[in-house]
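Here's the structure, in C-alpha cells; my notes come after.
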Ligand SMILES: Nc1ncnc2c1ncn2[C@@H]1O[C@H](COP(=O)(O)OP(=O)(O)OP(=O)(O)O)[C@@H](O)[C@H]1O
Ligand SMILES: Nc1ncnc2c1ncn2[C@@H]1O[C@H](COP(=O)(O)OP(=O)(O)OP(=O)(O)O)[C@@H](O)[C@H]1O
Ligand SMILES: [Mg+2]
Ligand SMILES: [Mg+2]
C-alpha cells in the first residue's frame, strides 16, 4: 500500500444507505451516512438500539453490501468480506466444540499464523482479560461475560490494523469493563490500530475515543460528531473527573435523548 | 398458599453451594450463600463477571440443583424447574421461527392464558419497549437490543409474582436503558412483584432496588448487602442527584473494586 | 441488499435449465452408448425404444403406477407418523430408547426380501405386505433423524420452556418439534425414496399388480425396454414424491438457516 | 450437580441390563411361539434348533460373514467418503447441486435388485457388484444429511470466518464440517445399516459366498434354521457396525447438545 | 469366472473352467459334482468350478456376456434371451422332458387337470412356467379364468402351499415337491405338463457364441465330459447324490437330494432320443419345443433350431 493511501482515511464511508427487504416490510437501517476515519484514530459510535450500528460495522467489514454508496477500507473499496480487520460481533459467536483457548487460536489457524507466536500471544490475552484457569473450558461452561472476553481475545490475536467492535464489553460488570477499557486504550496507543467501537456506555465512548459519532433513531443518519479533547494517555479516574469529559458525556446524553424521543 | 407463608420470604436461599464438575476441572461457582428476599422486594445482584450470578438465578428458578443447601420459592422448596416465575435469560433465547410478537406470546401459549387478554397485553408491552413496527419481524431481522427487549416482554407477559432477570438491559443503549429502568420500576411498584435483578450497571442496581447484593469473585459469597434508602417513587434524574444514591454507588464500586482485585 | 426478484418466469427458467440440460445430456449419452453398440440391446435398450414403449403401453403402466404409488404413500405416511412417535418416546424415556434401539436396528438390517415367505403367509397377497415392507424400509431414517433433531434443540430453550411450565406436551409441540423439523425433513426425504423401494420389493415378493410386478415380468421376458420403462416410471414417482417433500420443507421452514444460507454463501463467495 | 460416576462397572451394567432383558424377553417369546406350535417350524424354527445350527455350522457361517462384512465396510466407507464429497460440492456450487440432485435421487429410487443383474454382467460374480450395490444404497442418506448439516451452520460463524480470511477450505475444515458432524453421523448411522442390506442384496443376485448366498439358498430349501441363523448373523454384523459408529460419535462429539441433552432432560423431568 | 478360452488342444495342464448353475445346488446337479469327484472332467483336461446361479435368465445372460464359461439353464430362458440378442447357445439339452408340473398335497384330491378348476395357483411372475401354464390349461380344456393365479417369490411359493394360502404351485417336479413333502410330512402329487400333452425342453448346457468361435475344442471337451458324467451318474444315482455332500454345504437333506435326482433321471429322454447318451438332442424335438415356445408367447417368432442350438459340438452318440 502506498504512502499516500496510508495517509488517506483508514475507513471511508461515502453516502451509504442500507435497506433490508423481507416479505413483510422494508426497513431502511442507514440513510446516506458518510464518515471518514483517519489511520490510527479511535472512533466510538453510539445511537439508539436498533438504529443501525451493527449494520454499519458489517458494511465496513464487507459482510453486508450497501444498497447505495461506497465503503473504502485501507485504501481499497469494500466489495466483499475483508479480512484485514479484527471484528468483535455483538454476540460472542464461539465454536461450541472448541475450548476457550482454541476458540481464540481459531484466528491464528485461519490466517496461517506462526503457531508458537500465536500461542504465546493467546496466553498473554487470556491473562490480560482474566480468563486464566478457563483456557480449556468449553463455551457452555463459561459465563456470559467470559464468553465475550474470549471473543475479544480472538479479535485482538492477530493485531489487526483496523478493529471493529460491536459492544465488546456489554456483558461485563462495571469494574471488569473499566479494566478492559484501560487495557484496550493501552493496546490502541501502543499499536496505532484504527478502531471503530459501537458501545452503549456514554462514558466508555468518551473515555476511549478521539471522536464520538452519535447516530439518530432509524433510519440512522449522523446526528453529530463529538471531538473528544482529552490527553492521549488517559488515567481512568482522572479522566472521568475532567470537565471536558463531563461536557462531552452531557452533550452525547442530550443528543441521544433527542434521538430516542425522550427529553 | 397460607397467609403465614405469604408473609415469609418470597425467595429464601439457605446456605447454598454450587460446584460444576467437568472432565477437566471442578469449579465452585457459589459457596455457602444465604439470602432472603421479602415478598414485593426488589433486589439487585452485582458481582464480577463469572462469579456466579447467573448460576444463582438458575438455582432460584430450579433449573439447577444446588450441590448443598436449599432454596425456597414462594413458600415451597425448589426441587425442579419452577414456573411460578418470569425469567429473562442473559441471552435472548428466542425461537428463530417465530416473529417477535409470537415469541412473546409463547409465554401465554405455554401457560394456556386467555389469548385475547394475552394479545392485548403483548401489544401493550411491545408499545412500552418501543418494538412497535417490528411485531412480525423474525429474530434474525432484529438488532441485538431489540431481541433483548422481546425477551423482556416475554418474561413480563404473565405478570409473574417473582421475576428473575439476568442483565435484561445489557444490549440497550444508555437512554433506552434508562427508559426501560423507569418502566420496570413502575411495573414493579404497581404489581408488587418480587424482583431479583442481575445487572452490571451500578447505577441501575441502586436506582431500581431496595437492596443490592454484592458478590465476591468466584467462588461467590455475599460480600455485602447495601440497603438502598431512596423513596418508593423515584424520578430518574432526581434520584441520581441524591446523596444517598451517590454514597450507595460509591460503596458498591469500592466493594466491586476489591472483588475484582482492582483498587 | 440483493434485489427482490419480481419476475416469476425468470426464476423458474433459472431453476430448471440445469436439470433440463442434465436430462438432455443423459439421454444423449444413453442414445450414444446404445446406438454405437457399446452396450448391447439385451442389457440396455435404446431410449427411442423405451420411450416408444412407454407411450404405447401408457395405460397399462398407468394402472400399475397407481398401485405402487398408493402403497408407497401409505407406507411412507405410516412410517413417518410411527417414526416420529417412536423417536419421541425414545427421546423422553431412557428405557424406551435402550430397548427400542436394538429392535429397530434389527428390523432395519434384516433384508426384507429374505423374510418374504413370512409376509406371504401372514399377510397374504393384498397390498398389506407391500405397505409393511415400505414401512419397514422407511421407518429407520425417520427415527434416527428425529431423535438427532429432538436432542439437538438448544438446552437454553428447554430451560426457558420449563420456566413457563407448559409441561412436556406443549414444550414438545411448540419448541422441540419445530426445532427438530430440519432434521426430520432430512430423514423424511431419505424415507420417501426408501418407501418406493419398499413397495417395489414388496411387489417382488408376491403380487399381481404394481410396478414391481411389471419389472419382474419384464425381467423374466428379458424385455429390457419394458424393464427400463418400469424403472423410469418408478424413478419419476420417487422424484415427484421427493420434490413434494422439498416443497413442503420450503413452505414450512422458511426460517431455517439451510434456506437462508444461500444468500450468505453468495455474498461471501463474492469476497 | 450430579455426582460424577466413578465405578465403570456399574455404568456398564446400568447401560446393558435393559437391552439384555429385552433380548431375553425376545428369546422367550420366540421359544414360546414355536414350542406351542403357534407358528409352524417351516416358517419359524425354534431358537434351540437355530442356535444349535449356529454352533454346528459356525465355521461355515464365519467365512461367509467375513465376506459380507468386508463388502459392507468397503461399501460403507466408499459411500461415506463419496457422499461427503458430493454433499460438499453441492453446498458450494449451485450448478452441482441442481445437476447432481436429480441423478442422486434417480440412483436412490431405482430398486437395486432390479438393476443388479446389470452389475453382474458388467462386473462379474466377484465382490465388486456387491460393493457397488452397497455404495448405491448407503450413499444417499450420507449426502442428504451432510447437505442439511452444512447448510445449518450458524451464518454468524460463517461471517466470522470470512473476516478471518482463511478461505473456503479452512472455513470448511474448521467450522462448517465440525458443525455438520451431528447431522453427518445421523446419516452415517442410516447408511451403515443400508450398506449391510446392499451387500446382501448384491449377493442375492449372483454370488457363491456371503450371507446373502447362505440366506437365499436356505430360503430355496426351506431350511428355516439356516435362514434364521443367517439373519441373526447379519443383524449382529449390522448392530455391531452401528454401535461402532455410535461410539465414534460419542468420542468425536462430546460437545454436541444431543449428548449433553440427557443431563438436562433428567433434570427437567424431575421438575 | 471367465478363465477359459485361451489355450486349446488336448493334453497339458487341466484348464480352469466355470459352470454357472441355474440355481443353488440341488439334486438335479448331482452329475456335475459326481463328474468332478470321479475325475471325469479332469480326464478331459477340465478343472471344473461349479458356481451357484440365481435363476436361469441371469445364468443365460451371464453366459452370453462371458462372465462364466458355461451355463446350466432352462431352454425357455435361452430361447427368450436369444430372441433378445443374447449371444448364447445351447450345446445340448439334458432334461428333454420338462419337469414343469402342478404340485400339491395329495389331500387336495387333484388327479386330473380338470380338478384345478377354481383352485388358486402360486407361481412366480415372469418365469417360463407361468408362461406355459395357460397352454397346459388349454391343452386340457381349461381356461385361465378357471384358476386364480397368484404371483409369489420363489421361496414364498412353497410356504404358500404348506400354509394353505394357495392350493397348488407351479414348479419343477425335481425341485419343490420333495422339499415341501419333507417339511409338511405330507405326500405331494404332481400333474406333469409332459404327461398331459405339453412337452418341451428344459435344462441344458449352454455357452457363449464367442466361446464357440474361439475355443470350439474346449466346448467339445466340456460336452464330452458332461455327457460322460451324466451317463455315469445315471448308472449310480445313490453315489451321484452322495457326491454332492461336502461339495456344497447347504444342500437339501440327503433324502431330498436323492429324490430330486431320481426324478431328474426320468426326464432325460424323449421318444426320439431313447437309449442315446444324455444330452443328445434330436432336431425334431427342438422344432417341437420352439413351436411350443412360440405358441405360448415365450418367443415371438420361431427361428430354426440352429439359432438356439449348436449341433456341431453337441454329442451325437
Ligand atoms: N437481516 C435483516 N433483515 C431485516 N432487517 C434487519 C436485518 N438486520 C437488521 N435489520 C434491521 O435493521 C435495523 C438496524 O439493525 P442493527 O442490528 O444495525 O441495529 P443496532 O444499532 O446494532 O442495534 P442494537 O444496539 O440494538 O444492537 C433494525 O431495525 C433491524 O430490525
Ligand atoms: N455448565 C457449566 N459447567 C462448568 N462450569 C460452569 C457451568 N456454568 C457455569 N460455570 C462456571 O461457573 C462460574 C459462574 O458462572 P455464571 O454464569 O454464574 O457467572 P456470572 O456471574 O453470570 O458471570 P457473567 O457476569 O459473566 O455472566 C463461571 O466460572 C463458569 O465458568
Ligand atoms: Mg447491534
Ligand atoms: Mg451471567
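Just so you know, all these numbers are worked out from the coordinates, no wet-lab data involved. Just so we're clear, the structure is a prediction, and the values are computed from it rather than from any experiment. So basically every Cβ, Gly included, is an ideal-geometry build from the backbone, and we count neighbours across all protein chains shown.
How large is the Rg to Rh ratio of the stretch A:115-261 when both quantities use alpha carbon positions and Rh follows Kirkwood?
Using only Cα positions, Rg/Rh for the stretch A:115-261 is 1.00.
Apply the a/c threshold of 1.5 to the C-alpha gyration tensor of the stretch E:192-317 and tell me whether it is rounded, prolate or oblate.
In terms of gyration-tensor shape, oblate.
Taking the Cα atoms of the stretch B:179-263, report the difference between the largest and smallest coordinate on each principal axis, in whole Å and largest first.
38, 26, 20
Copy-to-copy spacing for residue A:192, label 7 Å out on the Cα-to-C-beta vector, in nm, shortest first?
Here residue A:192 shows inter-copy label distances of 6.7 nm.
Just how many % of Cα pairs in chain D lie over 36 Å apart, if you round to the nearest whole percent?
The share of Cα pairs beyond 36 Å in chain D comes to 31 percent.
Taking neighbour counts of Cβ atoms within 10 Å as a proxy for exposure, in what order, fewest first, do B:128, B:180 appear?
B:128, B:180
Can you pull the semi-axes for the stretch E:77-218, root of five times each eigenvalue of the Cα gyration tensor, sorted largest first, whole Å?
That gives 31, 16, 14 Å for the three semi-axes.
Using Cβ counts within 10 Å as a stand-in for footprinting exposure, how do C:33, C:234, D:110 rank, fewest first?
Arranged by neighbour count, lowest to highest, C:33, C:234, D:110 become C:33, D:110, C:234.
Rounded to whole Å, give me the distance from the Cα center of the stretch B:144-187 to that of the stretch A:80-115.
Cα centroid of the stretch B:144-187 versus Cα centroid of the stretch A:80-115: 31 Å apart.
At a Förster distance of 25 Å, what's the computed FRET efficiency of residue A:38 paired with residue A:251, Cβ-Cβ distance as r, to 0.05?
According to the calculation, E is roughly 0.70.
I need the shape label for chain E. Rule: rounded when a/c is under 1.5, else prolate if a/b > b/c, else oblate, with a, b, c from the alpha carbon gyration tensor.
Note, shape of chain E comes out prolate.
With viscosity set to 1.567 mPa s at 4 °C, what whole-number translational diffusion coefficient in µm²/s follows for the stretch C:96-135 from Stokes-Einstein and a Kirkwood radius over Cα pairs?
116 µm²/s
Roughly what angle does helix C:155-164 make with the longest principal axis of chain C, taking Cα atoms, 0 to 90 degrees, to the nearest 10?
Result, in degrees: 60.
Note down the relative contact order for chain D as a percent, whole number, built from C-alpha pairs under 8 angstrom at least six residues apart.
24 percent
If each of residue B:120 and residue E:14 carries a label point 7 Å out from its Cα toward its Cβ, how far apart are those two points in nm?
Computed distance between label sites residue B:120 and residue E:14 equals 10.0 nm.
What does the average come to when, for each residue of peptide A:79-92, you count the partner chain Cβ atoms lying within 10 Å of its Cβ?
So the per-residue partner count for this stretch is 5.
What value, in deg cm²/dmol to 500, does the helix sum -39500 (n - 2.57) over DSSP H runs of n ≥ 4 give at 222 nm once divided by the residues of the protein assembly as shown?
So the calculated ellipticity at 222 nm is -18000 deg cm²/dmol.
Chain B: which residue's Cβ hugs the B-to-A rotation axis most tightly, distance rounded to whole Å?
That would be B:170, 2, residue then distance in Å.
At what distance in nm do the modelled label points of residue C:58 and residue D:128 sit from each other, each positioned 7 Å from its Cα along Cα→Cβ?
Result: 4.1 nm between the two label points.
Above 20 angstrom, tally the Cα pairs of the stretch B:26-82 and express them as a % of all pairs, no decimals.
23 percent
Please state the equivalent ellipsoid semi-axes for the stretch E:89-141: what are the square roots of 5 times the Cα gyration tensor eigenvalues, largest first, in whole Å?
Semi-axes (√(5λ), whole Å): 24, 13, 12.
Kindly provide the pair-distance distribution of the stretch E:202-270 built from C-alpha pairs, with 10 Å bins from 0 and whole-percent values in order of increasing distance.
Binned Cα distances yield the sequence 17, 39, 31, 13, 0.
What percentages, rounded to whole numbers, describe P(r) for the stretch A:91-159 computed over all alpha carbon pairs with 5 Å bin width beginning at zero?
3, 21, 35, 25, 13, 3
Kindly give the distances from residue C:77 to its copy-mates, label point to label point, with each label point 7 Å from Cα along Cα→Cβ, as nm values to one decimal ordered shortest first.
Spacings between copies for this position, smallest first, are 4.4 nm.
Residue by residue through E:178-184, how many Cβ atoms from other chains fall within 10 Å of the Cβ on average?
For this peptide, the per-residue mean of nearby foreign Cβ atoms is 3.
Over chain A, what lengths in whole Å, largest first, do the semi-axes of the equivalent ellipsoid take, defined as the square roots of 5 times the eigenvalues of the alpha-carbon gyration tensor?
Taking √(5λ) for each eigenvalue gives 28, 23, 19 Å, largest first.
Using Cα pairs under 8 angstrom and six or more residues apart, how large is the relative contact order of chain E, in percent?
Worked out over chain E, it gives 28 percent.
Using only atoms on other chains, find how many Cβ atoms lie within 10 Å of each Cβ of peptide B:134-142 and report the average.
Neighbouring Cβ atoms belonging to other protein chains average 4 per residue here.
Return P(r) of the stretch C:106-239 (all Cα-Cα pairs; 5 Å bins starting at 0; whole %; ordered from short to long distances).
Calculated over all Cα pairs of the stretch C:106-239, the distribution is 2, 10, 15, 15, 14, 12, 9, 8, 6, 5, 3, 1, 1, 0 percent.
Using a label position 7 Å from Cα in the Cα→Cβ direction, what is the ascending list of nm distances from residue C:35 to the same site in the other copies?
Reported distances to equivalent positions: 7.1 nm.
Per the Kirkwood treatment, what hydrodynamic radius in Å, one decimal, follows for the protein assembly as shown from the mean inverse distance over all distinct Cα pairs?
It is 36.2 Å.
Taking N as the number of residues in the stretch D:209-259, what is its alpha-carbon radius of gyration divided by 2.2 N^0.38 Å?
Computed over Cα atoms of the stretch D:209-259, the ratio equals 1.71.
What distance in nm lies between label points placed 7 Å from Cα along the C-beta direction at residue D:169 and residue D:93?
1.7 nm
Would you please put E:163-173, A:237-247 in order of how densely packed they are, using the mean number of other Cβ atoms within 10 angstrom per residue and starting with the highest?
Ranked from most to least packed, the peptides come out as E:163-173, A:237-247.
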